[in-house]
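Asker: This is the structure I want to talk about, given as structure tokens.
The values are calculated or read from the model by the stated rules, or taken from the named source; none is laboratory data. For clarity, every value in this text was computed on a predicted model and none was experimentally measured. No Cβ is skipped: glycine too gets one built from the backbone with ideal geometry, and neighbour counts run over all protein chains shown.
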Amino acid sequence: MKLYIAIVCVIINFHAKIYSQDFNKLQIFTENNPPYVTLDTNNKISGEIGNQVVKILKKLNISPNKINVFPWARAYVEAAKGKNTLIFPLVKTKDRMKIFQYPILAFKQNFNFYKLKSSKNINLKSIEDAKKYSTCVVRHDARHDYLLGFNFKNLEITTEQTTNVQKFVNNRCDLIIETDEGIDAKLKELKSDKSIVEIAIEAKQFDGNLYIAFNLNTDPKIVDAFKKASK
């Protein structure tokens with residue numbers, strides 16, 4: 001019996017060592033984007049999806065300090081160009097599927113076009129109508145990619161989510177694509193009331209679900225370990 005236990009312990013330690021070596025080469029990227037990912041003053045990550053990732057990391061004995069928090073444009077570029085990279089949260093698009101794999105669905109949501117209630121002249125009946133107006137977007141965000149794919153030309157581009165909503169609130173653009181959860185959190189962060197905005201039209205053509213994604217050049221053993229730990 002003692003011999004059996006000893007053999008099991010050796011096997012467990014052997015596999016743990018292998019995984020540890022694999023995880024050493026893993027790079028993790030995200031942005032500070034409440035309510036999905038929140039970074040507090042002590043650099044502790046939380047939020048709807050941040051908590052999920054931290055929980056998975058703990059199961060795999062990976063320190064949360066391994067997470068790199070950058071503005072979205074930089075986080076996306078780093079994850080896209082690197083090998084053995086994880087990025088969260090990420091929306092799935094046709095072009096992104098050439099770069100990333102999406103093994104873990106983290107959050108289900110829907111996109112809407114929002115306008116300021118004071119913009120009485122904006123009345124949208126279709127996505128085509130939205131092309132007549134300027135829309136605030138974040139560079140390399142899925143919504144930016146979606147709009148380019150639908151031949152939107154009048155885009156106000158920035159690199160960070162809160163700044164993007166701030167521009168919208170300040171009338172720097174006519175429309176913004178957000179989720180209910182996203183617009184609520186950003187307006188609260190900016191100390192603005194949600195009553196100043198309203199849905200102009202649903203963006204049903206766009207998949208808003210959020211994933212924990214990996215670069216296609218990531219070691220399959222790493223992806224498999226995260227998939228198992230997420231269950």
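Asker: Tell me which residues, restricted to the range 127-144, are outside any loop (DSSP other than H, G, I, E, B) and either surrounded by fewer than 17 Cβ atoms within 10 Å (Cβ to Cβ) or over 19 Å from the mean Cα position of the chain (by Cα) (or both). Write out each step before concluding.
Answerer: So in the range 127-144, the residues outside any loop (DSSP other than H, G, I, E, B) come out as 127-130, 135-138, 142-144.
Ile127, Glu128, Asp129, Ala130, Thr135 - these are the residues of the range 127-144 that are outside any loop (DSSP other than H, G, I, E, B) and either surrounded by fewer than 17 Cβ atoms within 10 Å (Cβ to Cβ) or over 19 Å from the mean Cα position of the chain (by Cα) (or both).
Asker: Continuing with the same structure: With the condition kept exactly as written, say whether any residue in the range 145-157 is charged (D, E, K, R), under 15 Å from the mean Cα position of the chain (by Cα) and part of a helix (DSSP H, G or I).
Answerer: Residues of the range 145-157 charged (D, E, K, R): 145, 153, 156.
So of that shortlist, the ones also under 15 Å from the mean Cα position of the chain (by Cα) come out as 145.
Keeping just the survivors that are part of a helix (DSSP H, G or I) gives 145.
The answer is yes, given that some residue of the range 145-157 is charged (D, E, K, R), under 15 Å from the mean Cα position of the chain (by Cα) and part of a helix (DSSP H, G or I).
Asker: Here is a further query. Would you pick out the residues in the range 145-172 that are of a type outside the set (Ser, Thr, Tyr), closer than 22 Å to Ile196 by Cβ and either surrounded by 19 or more Cβ atoms within 10 Å (Cβ to Cβ) or modelled with pLDDT under 95 (or both)?
Answerer: Across the range 145-172, the qualifying residues are Glu160, Gln161, Asn164, Val165, Phe168.
Asker: How many of the residues making up the range 31-57 are charged (D, E, K, R) and either crowded, with 20+ Cβ neighbours inside 10 Å or touching a Pro at 6+ places or on another chain (Cβ under 8 Å) (or both)? Break it down stepwise before answering.
Answerer: Let us first name the residues in the range 31-57 that are charged (D, E, K, R), namely 31, 40, 44, 48, 55.
Applying the additional criterion that residues be either crowded, with 20+ Cβ neighbours inside 10 Å or touching a Pro at 6+ places or on another chain (Cβ under 8 Å) (or both) yields 31, 44, 48.
Summing the residues that are charged (D, E, K, R) and either crowded, with 20+ Cβ neighbours inside 10 Å or touching a Pro at 6+ places or on another chain (Cβ under 8 Å) (or both) in the range 31-57 gives 3.
Asker: If you go through the range 92-108 one residue at a time, do you hit one that is basic (Lys, Arg), within 19 Å of Asp219 (Cα to Cα) and either at pLDDT below 95 or out of contact with any Cys (no Cβ under 8 Å at 6 or more places or on another chain) (or both)?
Answerer: Of all residues in the range 92-108, those basic (Lys, Arg) come to 92, 94, 96, 98, 108.
Subset that is within 19 Å of Asp219 (Cα to Cα): 96, 98.
Restricting the remaining residues to those that are either at pLDDT below 95 or out of contact with any Cys (no Cβ under 8 Å at 6 or more places or on another chain) (or both) gives 96, 98.
Yes, there is a match, as at least one residue in the range 92-108 is basic (Lys, Arg), within 19 Å of Asp219 (Cα to Cα) and either at pLDDT below 95 or out of contact with any Cys (no Cβ under 8 Å at 6 or more places or on another chain) (or both).
Asker: For the range 197-214, enumerate the residues that are crowded, with 19+ Cβ neighbours inside 10 Å and either assigned to a loop (DSSP other than H, G, I, E, B) or touching a helix residue (DSSP H, G or I) at 6+ places or on another chain (Cβ under 6 Å) (or both). Step through it out loud before you land on a result.
Answerer: We begin by selecting, within the range 197-214, every residue crowded, with 19+ Cβ neighbours inside 10 Å; these are 197, 200, 203, 206, 208, 210-214.
Correct list: Ala203, Phe206, Gly208, Phe214.
Asker: A follow-up question, please. Could you please find all residues in the range 180-190 being surrounded by fewer than 20 Cβ atoms within 10 Å (Cβ to Cβ) and of a type outside the set (A, V, I, L, M, F, W, C)?
Answerer: The answer is Asp180, Glu181, Asp184, Lys188, Glu189.
Asker: What's the number of the condition Asn123 fails, among (1) closer than 18 Å to Glu198 by Cβ; (2) crowded, with 22+ Cβ neighbours inside 10 Å; (3) among the polar types (S, T, N, Q)?
Answerer: With (1) closer than 18 Å to Glu198 by Cβ; (2) crowded, with 22+ Cβ neighbours inside 10 Å; (3) among the polar types (S, T, N, Q) applied to Asn123, the lone miss is (2).
Asker: Residue by residue through the range 156-182, note down the ones that are within 22 Å of Lys131 (Cβ to Cβ) and among the hydroxyl-bearing types (Ser, Thr, Tyr).
Answerer: Scanning the range 156-182 gives Thr158, Thr179.
Asker: Being touching a strand residue (DSSP E or B) at 6+ places or on another chain (Cβ under 7 Å), within 28 Å of Glu202 (Cβ to Cβ) and among the β-branched types (Val, Ile, Thr) is true for just one of Val91, Val53. Which residue is that?
Answerer: Details: Val53 fails: within 28 Å of Glu202 (Cβ to Cβ).
On inspection, the qualifying residue turns out to be Val91.
Asker: Take residues that are without any contact (Cβ under 8 Å) to a residue 40 or more places away in the chain and tell me which of the strands (runs of 3 or more DSSP E) falling wholly in the range 61-126 contain 1 or more. Can you show your working first?
Answerer: Numbers: elements: 67-69, 85-91, 100-107, 112-116.
Counting at least 1 such residues, we get 67-69.
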